[in-house]
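**Q** Pasting a structure below so you can have a look.
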Amino acid sequence: MDNQKIGTFIKELRKEKNLTQKDLAGKLNITDRAISKWERGINCPDIFLLDDLSQILDVSVIEILKGRRLSKEEIINNKELVETMSFANKTLKEKLKKVIDTVTISIVVFISLLLLLYNIRGIYYSNKVYNTDSNQEISLQDKYINKINNNINLIENNQGKYNYEEYQLILNFINDIKYLTNKNIEQELINKTQFTIKDFNNFFDNMSIYDIYGYDGSNSYKQIYKIILKYDINKYDNMLNYNLAQRYYANSYQELSEIYYPIYLYNYNFKEHIGYEIYIKNLIQIKYSSYLLILNDIVEVGGIYE
């Protein structure tokens, strides 16, 4: 084939159709640089493009390959060549399609296997039991919850010396505490001597920094201590202690989150992080002891008795 002759012929046909190189390239989904190379005789059209090119330029494939217009007799005489080329083109396309399908299926299978292995690994580490160094046994019910509930009952049944607006703020705060202490998972976690990643999941699913801040996240305890200090300035130290507990809880929760989430997302081996469960137990105790502190102050300062 004469590349130069083919290129000149394509250029003539393109101009007859009032097409720019860019127009022709757009119809063939190729770059105009490819068209330019054809027309300069540097390259020939790819076999895959010949059918589309012949239809756009309104000539036969064999005419493009010959680089000139042919009579009907010449086209008929070269019919066998055209059919052979078409068959070769079709066969090559089918082979490429099979290769692409095989590669695609292989990639899908490979990714599926990776995901399966990742999930198996995640299930393994999520359920793997790690012995801890913590042997402390604490009954939240006896040490905190019973006392907290007793104070709540006292306050709900006795306004004490608080005025109506003060009492309503206190009742709203108590509703927060009732919600935030109604978590059975805490009793389970605080007595565990063996931990899994699932236990950390339960902790982060059921607790948050709002457990100390207040359910609505508004630091509502500050409003309560403002009321308490109005009647007894000596409770100022208790307010500072509650504030310190709040900050410690929030900072520790944030630090644990930064440690936990990479483990959770990437299914790391949890063994090297054993010891952090003690922080969880401490946070649970801080939460309940803080609530008990402020409830005791509300009862004592308000003169609320059974």
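The values are calculated or read from the model by the stated rules, or taken from the named source; none is laboratory data. As the structure is a computational prediction, the values presented were derived from the model and not from experiment. Here the Cβ is made from the backbone with ideal geometry for all residues, glycine too, and neighbour counts use every protein chain on show. Only protein heavy atoms, including side chains, enter the accessible area calculation; ligands, DNA and RNA are left aside. Shrake-Rupley method; radii C 1.70, N 1.55, O 1.52, S 1.80 Å.
**Q** Please go through the stretch 132-147 and pick out each residue that is at pLDDT 80 or above and buried (at least 16 other Cβ atoms within 10 Å of the Cβ).
**A** Within the stretch 132-147, Tyr144, Ile145, Lys147 qualify.
**Q** Look at the stretch 1-19 and say how many of its residues are in contact (Cβ under 8 Å) with a residue 12 or more places away in the chain and under 19 Å from Ile42 (Cα atoms).
**A** Qualifying residue count, the stretch 1-19: 13.
**Q** Quick check on Ile294: is it of a type in the set (Val, Ile, Thr), within 18 Å of Lys147 (Cβ to Cβ), assigned to a helix (DSSP H, G or I) and at pLDDT 85 or above?
**A** Judged against the criteria, Ile294 is a match.
**Q** One residue is enough: does the stretch 180-202 have a residue meeting the conditions at pLDDT 70 or above, open to solvent by 50 Å² or more (accessible area, probe 1.4 Å) and within 29 Å of Ile304 (Cβ to Cβ)?
**A** Yes, the stretch 180-202 contains at least one residue that is at pLDDT 70 or above, open to solvent by 50 Å² or more (accessible area, probe 1.4 Å) and within 29 Å of Ile304 (Cβ to Cβ).
**Q** Which number in (1) open to solvent by 70 Å² or more (accessible area, probe 1.4 Å); (2) assigned to a helix (DSSP H, G or I); (3) touching a helix residue (DSSP H, G or I) at 6+ places or on another chain (Cβ under 8 Å); (4) modelled with pLDDT under 85 marks the one condition that Glu73 misses?
**A** (3)
**Q** Filter the stretch 261-290 down to the residues that are of a type in the set (Phe, Trp, Tyr) and at pLDDT 60 or above and list them by number.
**A** Tyr276, Tyr279, Tyr288
**Q** A follow-up question, please. Taking the stretch 148-170, which residues are open to solvent by less than 80 Å² (accessible area, probe 1.4 Å) and either under 20 Å from Tyr288 (Cβ atoms) or at pLDDT below 85 (or both)?
**A** Ile148, Asn149, Asn150, Asn151, Ile152, Leu154, Ile155, Glu156, Ile170
**Q** So which residues in the stretch 23-48 are among the hydrophobic types (A, V, I, L, M, F, W, C) and more than 44 Å from the chain's Cα centre (by Cα)?
**A** Across the stretch 23-48, the qualifying residues are Leu24, Ile35, Trp38, Ile42, Cys44, Ile47.
**Q** Collect the residues in the stretch 9-45 that are of a type in the set (S, T, N, Q) and crowded, with 17+ Cβ neighbours inside 10 Å, keeping them in residue-number order.
**A** Hit for the stretch 9-45 is Gln21, nothing else.
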